[in-house]
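One structure below.
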Amino acid sequence: MCGIVGVLGKHEAAPLLVEALKRLEYRGYDSAGIATVNEGKLDRRRAVGKLVNLSDLLVHNPIAGKSGIGHTRWATHGGPSVKNAHPHQAGDVAVVHNGIIENFMNLRAELNEKNINYETDTDTEAVVLLTKYFLSQGLSPTEAAKKTISRLTGAFALAFLFQGEDDLIVVARQGSPLVIGHGDGEIYVGSDAIALAHLTNKITYLNEGDFAQISRKKIQVEDKNGIIVNRKIQNINLKSAKADKAGYKHFMAKEIAEQPLTLATTLENYLHEDPCDIILPKNNLKLTQIESLTMVACGTAFYAALTAKYWFEKIARVRVEVDVASEFRYREPPILKETTAVFVSQSGETADTLAALRYMSSHNANIISIVNVIGSSIARESNLVLPLHVGAEIGVASTKAFTAQLTVLALLALKIAKAKATITENQYQKFLDELKRLPEVISQALCLEPNIQKIAGELASYNDVIFLGRGAMYPLAMEGALKLKEISYIHAEGYPSGELKHGPIALIDKKVPVVVIAPKDTLFDKSVSNMQEVMARSGKIILISCESGLELAGHGSWATITMPDVSEFTAPIIYAVPMQLLAYHTALSKGTDVDQPRNLAKSVTVE
Ligand code: AGP
């Protein structure tokens, strides 16, 4: 995973690199480092933990030089330590790497035979050692880097810096994204355009297999066949200001609280008033012919897709398969002609989702992506992009992106339903009215925070929690469990309520609280029966329903959360709020690092 940056500047490189790395911390925060060339001399600084540790180190031990590379790491091979932190250096070359060198064991064995030994536990070290070896054979820096890259398999974005070369960075991409930024007499590289937004909005996206030799005055890009190509410079409209917490204690708290606003913006971008209709960006979709959809995503985005399956099937009468991206392409699923595939990803950079998209593209599927980051790899490789329009999501735990993903998916389901006439115009308008009420109802749900905070205070002392839901609440149960485990480190599982009796009910006792998500919908009575089965075994129930639901079934619960009355259609979007608040306040009680929980990264760019 990880984020990489590089600068060939007019001024000191270190502050520029650190600022760019700040913007890439969403890719990992196990360690960080920079290397510079100053009057020909290569030097580096590295620190374990978050970027702030590197910044502190640089205060006490500054590093000079106008050319440099930097890295923020999410450990794959070798634990977080200074030794394993990037940039890696061997002799006259330093390298930063995002991705995984899959053949590093073979390369390591080959290097050992040449009496070249490893000092770190990383796959990346093979890259610097090989380059050092090729340099010792008389190859120029660019030739040595190129020859090294020809020996690598796996996914990578790499940037090389060389001793004695104040005006050279060599980069390559295969499987991991990489951009070049164009400044005034300065050149930058980065894992994405956002990393460079404080420096420039003139961006060149490198293609798969590209190799580039970069100096301040000249950039030479070769494609995967070694042919010199011209990659265009695009003007990217990115806000250079880094998002702030706006007075909230955490980004996650801010992102939960701003959902009425973000959802209003999402809806505004898709709804046309008078007559009210859903407007999608220009596309070649033949909506009336869509019989089935394949949806692929990871984590929270996967649960959004799983929820949408209920809408697509019930309302638009479209058959839907939903797959976890990491399981998709290795199954080699046969792809029928005219398949439409929907990829859901906040970052648009998730390696598993991107790989699944490419599998689908290679089988000529029509690709729709639902992303938050518009210039992302997934967006750029899609036939139709449906953006979320919720602004940057910084908290590792996805919140406002989830409710927006659900909203965009609901809009797509309705658009198809209308085109296929599986619903009447009246029903269509009624569904749209319900969506338009989202900002208001989400605001009401947010008012439940004090009660949820109290419940979370209790929950924090438990080791295991079960979440139950039926129908479209089942994916939400899994999302609630995911939120809780990723930021509070409490073990949690989401199950379909009706499935509990087939095994998991054996877990129930006083020590395992059970969160039951039961809006007063067509499945309410069944949910209540399943809840009774838990109560009968001394299970502690936290029941989430509306007032009338709680009146009927709340008796005997350990705690209750009274939701506003909502329609069955929009319930999954609104009931997401107590899931988010419960996880957030439990994590607060436990004192965990809410925005950057242990072992995680915001965007997972390795398989
Ligand atoms: C959610 O809280 C997670 N941190 C994670 O599951 C995330 O949703 C997943 O990694 C997918 O990311 P994406 O939406 O950027 O593709």
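Quick notes on this structure:
- Filtering V512, V516 for residues that are among the β-branched types (V, I, T), in contact with a helix residue (DSSP H, G or I) (Cβ under 7 Å, 6 or more places away or on another chain), on the phi < 0 side of the Ramachandran plot and touching a residue at least 24 places away in the same chain (Cβ under 8 Å) leaves a single hit, V516.
- Scope the stretch 384-405; condition surrounded by fewer than 24 Cβ atoms within 10 Å (Cβ to Cβ) and either closer than 19 Å to K282 by Cβ or more than 14 Å from the ligand (Cβ to nearest atom) (or both); matching residues: L384, V385, P387, H389, G391
- Residue in the stretch 452-470 that is more than 28 Å from the chain's Cα centre (by Cα), closer than 21 Å to L406 by Cα, away from the ligand (no atom under 16 Å from the Cβ) and among the hydrophobic types (A, V, I, L, M, F, W, C) present: no
- When S376, S369, S345 are checked against the criterion of being at pLDDT below 95, of a type outside the set (A, V, I, L, M, F, W, C), in contact with a Ser or Thr (Cβ under 8 Å, 6 or more places away or on another chain) and surrounded by 21 or more Cβ atoms within 10 Å (Cβ to Cβ), S376 stands alone in meeting it.
- Residue selected from the stretch 341-359 under the condition among the charged types (D, E, K, R) and within 11 Å of the ligand (Cβ to nearest atom), by the criterion farthest from G375 (Cα to Cα): D352
- Per-region count, the stretch 330-360, residues among the aliphatic types (A, V, I, L, M) and assigned to a helix (DSSP H, G or I): 6
- Of all residues making up the stretch 486-504, the number that are within 16 Å of the ligand (Cβ to nearest atom), small (G, A, S) and not in a strand (DSSP E or B): 1
- Scanning the stretch 103-142 for residues that are surrounded by 16 or more Cβ atoms within 10 Å (Cβ to Cβ) and of a type in the set (D, E, K, R) yields R108, E110, D123, E125, K132.
- Selected residue (criterion: farthest from the ligand (Cβ to nearest atom)) from residues of the stretch 324-340 that are hydrophobic (A, V, I, L, M, F, W, C) and surrounded by 19 or more Cβ atoms within 10 Å (Cβ to Cβ): F328
- Output for the stretch 154-171, where each listed residue is surrounded by fewer than 24 Cβ atoms within 10 Å (Cβ to Cβ) and either part of a strand (DSSP E or B) or among the acidic types (D, E) (or both): G154, A155, E165, D166, D167
- Qualifying residue in the stretch 284-294 (condition: within 26 Å of A397 (Cα to Cα) and under 27 Å from the mean Cα position of the chain (by Cα)): yes
- Exclusive hit being in contact with a Lys or Arg (Cβ under 6 Å, 6 or more places away or on another chain) and over 23 Å from S376 (Cα atoms), set F134, F162: F134
- Residue pairs whose Cβ atoms lie under 6 Å apart, separated by 6 or more positions or on different chains, with the first residue in the stretch 338-356 and β-branched (V, I, T) and the second within 9 Å of the ligand (Cβ to nearest atom) and part of a helix (DSSP H, G or I), are V344/A301; V344/A304; V344/Q405; T353/A325.
- Helices (runs of 4 or more DSSP H) wholly inside the stretch 513-607 that include at least 1 residues being aromatic (F, W, Y) and within 16 Å of the ligand (Cβ to nearest atom): 576-590
- Unique residue being farther than 30 Å from Y474 by Cα and not acidic (D, E) when the list is P281, P334: P281
Listed here are the residues, each with its yes/no results for (1) under 30 Å from the mean Cα position of the chain (by Cα); (2) at pLDDT 95 or above; (3) surrounded by 12 or more Cβ atoms within 10 Å (Cβ to Cβ).
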| residue | (1), (2), (3) |
| --- | --- |
| A212 | yes, yes, yes |
| K218 | no, yes, no |
| I228 | no, yes, no |
| N237 | yes, no, no |
| D244 | yes, no, no |
| E255 | yes, yes, yes |
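- Residue count for the stretch 279-301, restricted to those that are closer than 27 Å to K430 by Cα, touching a helix residue (DSSP H, G or I) at 6+ places or on another chain (Cβ under 8 Å) and part of a helix (DSSP H, G or I): 3
- Applying a threshold of 9 Å to beta carbon distances and a minimum spacing of six or more residues, or different chains, the list of pairs starting in the stretch 108-121 at a residue that is without any contact (Cβ under 8 Å) to a residue 12 or more places away in the chain and ending at one that is surrounded by 13 or more Cβ atoms within 10 Å (Cβ to Cβ) and not aliphatic (A, V, I, L, M) reads E110/R151; N112/Y118; Y118/R108; Y118/E125.
- Out of A481, A506, A536, A583, one residue alone is among the small types (G, A, S) and under 20 Å from K309 (Cα atoms). It is A481.
- Selection over the stretch 1-15 of residues that are basic (K, R) and in contact with a Leu (Cβ under 7 Å, 6 or more places away or on another chain) gives a count of 0.
- From E321, E381, residue being within 16 Å of the ligand (Cβ to nearest atom) and either surrounded by fewer than 20 Cβ atoms within 10 Å (Cβ to Cβ) or at pLDDT 95 or above (or both): E381
The values are calculated or read from the model by the stated rules, or taken from the named source; none is laboratory data. Since the model is a prediction, treat every value here as computed from it, not as a measurement. Glycine gets a Cβ as well: all are built from the backbone with ideal geometry, and neighbour counts include every protein chain shown.
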